[in-house]
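Below is one structure; the comments refer to it alone.
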Amino acid sequence: MNSYEYMTEIKRIKGLDTDYKLCKALGWRQNKVTQYKNGTSMDNDTSRQVAEILEIPLIQVIAEMEIQRAKNTEQKRAWSRIAKMTKEAGLASTNLLINISLFSSTLIYCILCKIRSKCEASPEIKYS
């Protein structure tokens, strides 16, 4: 995502219909979002604020801002790899949390062997 796409997502989540309302809600000066529309990337502090609001890893936002700032293809590729790994790691941790919550119910879904039955990877688990 670029800077303005992040702003659009925050507006959607917070139910804000204008850039002005977004700036007011986040305590930003009025022209900040306009700068993002015109291609300016966010600084790290704004990236932190965005990551907290969207509940995503900060390094993901920073990596995507570095992609936006990159001067050459090699830099873009390097930061793209970091952004991709961060997104995948975020998805993996979300899947782990889902699996942990399932562990407490009668339906067990093993994250090691991905089956819904007795887990051979962890035979000590008692299934109901």
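Values quoted throughout were computed directly from the atomic coordinates according to the rules given, and no laboratory measurement underlies them. Keep in mind that this is a model prediction, so the values were computed, not measured. Cβ sites come from the backbone with ideal geometry, for glycine too, and all protein chains shown count toward neighbours.
Structural remarks
- Computed E for E88/R29 - FRET, C-beta separation, R0 41 angstrom, nearest 0.05: 0.70
- Ranked from largest, the principal axis spans of the Cα set of the range 16-86 equal 37, 25, 19 Å.
- Protection proxy ranking of 72-78, 22-28, by the mean of other Cβ atoms within 10 Å over each peptide's residues and highest first, is 22-28, 72-78.
- Surrounding net charge for W79, when Lys and Arg each add one and Asp and Glu each subtract one, Cβ distance under 14 Å: +4
- Sequence ranges 12-18, 36-42, 83-89, ranked by mean other-Cβ count within 10 angstrom, highest first: 36-42, 83-89, 12-18
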